1. Gain in length, residue A:35 to residue A:140, computed as 0.36 nm per residue apart minus the alpha-carbon separation, to one decimal in nm?
2. Given C-alpha coordinates of the stretch A:199-264, what is the ratio Rg to Rh with the Kirkwood estimate of Rh?
3. Run the helix sum for chain B: -39,500 (n - 2.57) per DSSP H stretch of 4+ residues, divided by residue count, reported at 222 nm to the nearest 500 deg cm²/dmol.
4. Give the average, rounded to an integer, of partner chain Cβ atoms located within 10 angstrom of each Cβ in B:220-226.
5. For the stretch B:123-191, run through the GluC sites (Glu not before Pro) and keep only the ones in DSSP coil with at most 14 other Cβ atoms within 10 Å of their Cβ.
6. Would you please name the trypsin sites (Lys or Arg not before Pro) within the stretch B:1-109 that are DSSP coil residues with at most 10 other C-beta atoms within 10 Å of their C-beta?
7. Quote the relative contact order of chain B in percent (integer), defining contacts as alpha-carbon pairs under 8 Å separated by 6+ residues.
8. Largest first and to the nearest Å, give the Cα extent of the protein assembly as shown along each principal axis.
Amino acid sequence: MSAAAHTAGQTRRRRLARGMTPWWLLSAPLILLGLLFVAPLLTLFLIGFQHNSLFNVGGWTFDNFSTIFHTGSYRRIAVTTAEIATVTMLVQLAVGLPLAYVLAFRAGRWELPLILLLVLADELNPIVRIYAYRVVLGREGILNRALEAVGLVSSHHPLSWLLFDKFAVVVVLSTSYITYTVIPVYAAMKAIDPALIEAATDLGASWTVRARRILLPLAAPGIFIAIILVYIPLYTEFATPTLVGGTGSYMLGQLNAELITESGDLGQGAALSALLLAASGVMAAAAYYLSKLNRLE
Amino acid sequence: MPARVRIQRLLPGIASTALVFVVMLILFGPIVLLAVLSFDHSTIIALDWSGFTTQWYRDAWSNTDLRSAILNSLLVATIVTAISMVLGTMCAFAVTRFRFRLRGAVAGLVGAPLVVPWLMIGVGAAIFFFHYHVPGLFPLSLHSVTAVQVICTFPLVVAIVAARLVRFETVQEEAAIDLGASRFQLLRHIILPQLTPSLCAAAIFAFSWSFNNFEIDFFVGGYDETFPVWVYSELRRAPNLPIINASSTLISFVQVLLVWGVWRLLARGDGDASSQTATVVDVIR
């Protein structure tokens with residue numbers, strides 16, 4: 001290409017880019033985000049800081065927040081929530097890390113179909129999935145019937161802890177989020193050069209050394225993404241504990257919903273939402289920071 | 001000992017297969033079971049088969065609450081998908097094809113609804129609409145559900161389309177411009193063909209997200225019931241209903257078809273399996 005034609009091309013390219021600023025493309029999405037996302041979340045914070053009865057809001061106060069912090073039952077609910085969320089996250093990592101490894105290095109031609117199955121697990125309707133586990137885990141459920149049939153459980157004393165308690169909540173939540181745990185870790189592992197692992201094997205590194213010294217450090221950014229995507233929303237779960245949990249597994253998300261939809265206590269509901277939101281922001285920032293740090297090393 | 005060595009060689013393979021099998025059984029076993037039970041004559045859950053019937057499907061069809069809930073969900077999902085596709089594609093172009101100040105901030109804001117829990121978005125929107133009596137969105141209805149769902153869904157489209165836009169070669173775009181292509185020709189002959197599979201996949205995922213979005217439907221829907229909300233409120237009333245089995249099976253079947261559709265689209269768009277896998281992974285991240 002001659003120099004003249006080259007310059008002509010560049011001018012033309014510049015002309016095409018001019019007049020089409022990104023803000024023209026971004027205006028509609030940003031206005032909608034402002035109105036329907038930023039403004040509602042700000043409102044949550046503002047109402048959380050105001051005195052209010054059902055139809056009347058006014059005057060600034062910390063009452064809503066201090067009530068939340070000083071109510072013993074709320075604290076217990078927070079502890080239960082942290083317990084369920086943490087156990088669920090650990091269960092998912094225990095299953096998800098090996099599964100991601102299998103997908104990345106051992107699945108062969110099954111790799112894509114298995115990933116699509118994980119995607120499907122996420123695309124199935126969550127409420128339908130929760131209901132399906134109720135059918136399996138109930139006192140009269142499939143699992144108890146099967147255990148009775150093989151004689152492991154007597155029909156007079158079916159396993160009642162399977163449903164409407166923490167166990168069911170952890171099981172159902174683990175299955176709900178497994179896609180978001182496995183895929184980021186899988187993506188990080190996929191980027192690892194298999195030669196690294198082979199070299200370590202050839203040099204006599206045992207399985208545990210390979211996992212600890214190569215796989216885990218290099219997959220760490222994926223693990224942090226998984227934690228952001230999974231651990232944080234676990235704290236706001238509402239449908240799962242309502243449908244398969246019991247009084248022993250009452251979670252913050254349920255409390256939040258009840259304050260707003262049933263007690264009509266907007267102030268406390270808003271304050272609790274704002275707290276959860278702030279906490280999730282802090283956790284997300286921490287996980288992000290840690291993952292960045294790791295990449296620098 | 002050769003036998004022991006052979007077993008040691010086989011062990012990882014066996015363990016991997018067992019792990020995958022158990023995980024898939026736990027993930028899909030219950031759903032498959034629902035599907036089977038939906039054709040069983042008995043109204044109680046039992047392992048013994050008491051006869052094939054399609055009665056529950058007929059019951060489900062004639063249940064007007066259920067039918068209107070499904071229609072509501074379909075209507076909302078269709079509108080949400082259409083709006084999200086337009087907004088999402090515009091955003092994706094802006095973020096990947098332009099360099100401008102605040103680009104990072106814009107990308108962060110657009111991505112935020114993917115990280116902020118839907119419960120918070122739903123509760124926040126409900127309180128906001130109620131508190132300021134936002135016209136058109138309060139009293140809460142399908143309109144408010146649609147509006148809030150767009151906010152939850154279009155960032156997903158941005159993520160999918162932007163991932164594709166970053167991946168494909170800008171060399172072709174530049175060549176087309178050098179050869180004198182107009183902006184329209186550029187879009188029509190260069191960009192769209194490469195983008196089509198991702199756009200279709202994005203549409204399918206957006207539809208699915210909207211259809212499944214229980215939290216937003218529940219908090220922002222007011223008296224309008226969508227399918228997830230219908231199932232939820234039925235379940236709070238009764239432990240097991242054959243028509244939930246039937247309608248759930250039907251919905252799950254459609255969702256299986258949709259994910260299968262994504263697979264076919266990816267197979268058409270990209271030749272090799274590794275880039276297909278990469279596309280799926282982009283979608284999730």
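The numbers here are math on the coordinates, done by the rules we state, and not lab data. Here the structure is a predicted model, which means the values were calculated and not measured. Cβ: placed from backbone, ideal geometry, glycine included. Neighbour counts: every protein chain shown.
1. On the way: separation 105, 0.36 × 105 = 37.80 nm, distance 4.81 nm.
My answer for the length gained is 33.0 nm.
2. Radius of gyration relative to Kirkwood radius: 1.35.
3. -26000 deg cm²/dmol
4. That works out to 0 on average.
5. Sparse-neighbourhood loop GluC sites (Glu not before Pro): B:169.
6. B:99, B:101
7. Once divided by the residue count of chain B, the mean separation gives 28 percent.
8. Largest first, the protein assembly as shown extends 91, 82, 51 Å along its Cα principal axes.
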